[in-house]
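Q: Sharing a structure with you now.
Here, each number is a calculation from the coordinates, and none is a lab measurement. Note that the coordinates shown come from a computational prediction; the quantities given were computed from them, not determined experimentally. Using ideal geometry, Cβ is built from the backbone for each residue, glycine included, and neighbour counts are taken over all protein chains shown.
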Amino acid sequence: MSKEYYQKEYGKRVAEFLSFYGLTEGDLAKLIDSNSSNIKNIIRGKVGLNINKMISIASVFNLTYYDFANPNYKLPLKSKLPKSTIKIINERAEKGIVIRDTSNILANELERLIKEGVLNKPVTSKILLSLMNSKARKKNSTEVTNLLRKEPRNSLIVQLKYRYGNESIFVHKDYAKKYLGMSKEELRELIDGMRK
């Protein structure tokens, strides 16, 4: 059997353990001082493993590396796991597993609002979120803020120095000059008018 076969089989075993205990790749990464991308690659069988990594992963579940890799070996009871692992399992059960938005609905809606000229005037992330479709409105306004601060939007959108309460104020750079000289009170009045 090839090296790739064993890597994939080991990856399946890691996935089985994570699923059984309700953990994510990030949780395991935290426990072995790694990163979630590395754990995802291990699960996919894309990376080879040295003995130290195998021992680290197995020890998270209080097993030897050869028992961990054995598909016939029963998974231990949660109570038999190390305290650090039990703590992460309990935290994950409390938080739940966050599913990433791979549809980019928020980014797509933000692009639509930019094209429609909504950011030609100063606006907050909360206002932008309220103008999006119902699926996007389920998101958090801080996610909108993060998208505005990242490429490619941060080359189009300017963040003004004043805030509206605890919210940042954004405007398209082509229209920013008019608003950069405004006082905090003038900006507040302008945004208050948009919220009505």
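Q: Calculate the tail of P(r) for the range 6-58: the fraction of all Cα-Cα distances greater than 13 Å, expressed in %. Kindly include the intermediate steps, with their values, before the conclusion.
A: Details: 733 of 1378 pairs.
Everything past 13 Å amounts to 53 percent.
Q: Report the net charge of residues surrounding I32, where surrounding means a beta-carbon distance below 13 angstrom and charges are Lys +1, Arg +1, Asp -1, Glu -1. Mind dumping the intermediate values first?
A: Details: positive: K30, K53; negative: E25, D27, D33.
After counting each charged neighbour, the total is -1.
Q: Using only DSSP helix segments of four residues or longer, with each worth -39500 (n - 2.57), what per-residue ellipticity at 222 nm results for the chain after dividing by its residue count and rounding to 500?
A: On the way: 12 runs with 111 residues, N = 196.
Computed ellipticity for the chain at 222 nm equals -16000 deg cm²/dmol.
Q: Another question about this same structure. Taking the Cα centre of the chain as origin and charging only Cβ (+1 Lys, Arg; -1 Asp, Glu), how large is the dipole, in debye to the nearest 20? Intermediate results must be reported in sequence, preceding the final value.
A: Details: 37 positive and 21 negative charges, 25 e Å.
Dipole magnitude for the chain comes out near 120 debye.
Q: Right, here's the next one. List, in order, the whole-Hz ³J(HN,Hα) value for each residue of the range 125-134 obtained from phi through the Karplus relation with A = 6.51, B = -1.76, C = 1.60 and θ = phi - 60°; use x for Gly and Pro.
A: Per residue, the Karplus-derived 3J(HN,Hα) values read 4, 5, 5, 4, 4, 5, 8, 8, 5, 4 Hz.
Q: Under the √(5λ) rule applied to the eigenvalues of the Cα gyration tensor, what semi-axes describe the equivalent ellipsoid of the chain? Give them in Å, descending.
A: Working: eigenvalues 483, 61, 39 Å².
Taking √(5λ) for each Cα gyration eigenvalue gives 49, 17, 14 Å.
Q: Still on this structure, I have one more. Would you mind checking K12/K53; K8/K40; K30/K87; K3/K80; K46/K95; K115/K161 for any pair whose Cα atoms are more than 20 angstrom apart?
A: From the list (K12/K53; K8/K40; K30/K87; K3/K80; K46/K95; K115/K161), the Cα-Cα distance tops 20 Å for K3/K80; K46/K95; K115/K161.
Q: Out of L156, N70, A107, whose Cα points farthest toward the positive end of the dipole of the range 68-196 (charges: +1 Lys, Arg; -1 Asp, Glu; placed on Cβ)?
A: The Cα lying farthest towards the positive end belongs to N70.
Q: Continuing with this model, one more query. May I ask for the percentage of alpha-carbon pairs in the range 105-195 that lie more than 17 Å from each other?
A: Working: 1735 of 4095 pairs.
The answer is 42 percent, as a whole percent.
Q: Sum up the charges of everything whose Cβ sits under 15 Å from the Cβ of S56, counting Lys and Arg as +1 and Asp and Glu as -1, but leave S56 out. Before the final figure, lay out each step's value.
A: Details: positive: R13, K30, K53; negative: E25, D27, D33, D67.
With Lys, Arg at +1 and Asp, Glu at -1, the net is -1.
Q: Hey, another quick one. Cβ under 14 Å from K3's Cβ, K3 left aside: what net charge do those residues give with Lys, Arg +1 and Asp, Glu -1?
A: Details: positive: K8, K46; negative: E4, E9.
Value of the local net charge: 0.
Q: Which angle between 0 and 90 degrees, to the nearest 10, do you get for helix 3-21 versus the longest principal axis of the chain when only C-alpha atoms count?
A: Orientation of helix 3-21: about 70 degrees from the principal axis.
Q: Once amide H atoms are placed 1.01 Å from N in the peptide plane, what residues at a sequence separation of 5 or more from S168, or on another chain, have their amide H within under 5 Å of its amide H?
A: S125
Q: Rounding to the nearest 10 and keeping the result within 0 to 90°, find how far the Cα-based axis of helix 105-115 lies from the longest principal axis of the chain.
A: The answer is roughly 20 degrees.
Q: Separate question: Toward the positive end of the charge dipole of the chain, about the Cα centre and with charges on Cβ (Lys, Arg +1; Asp, Glu -1), which of I57, S125, Y10 goes farthest?
A: The residue sitting farthest along the positive end of the dipole is S125.
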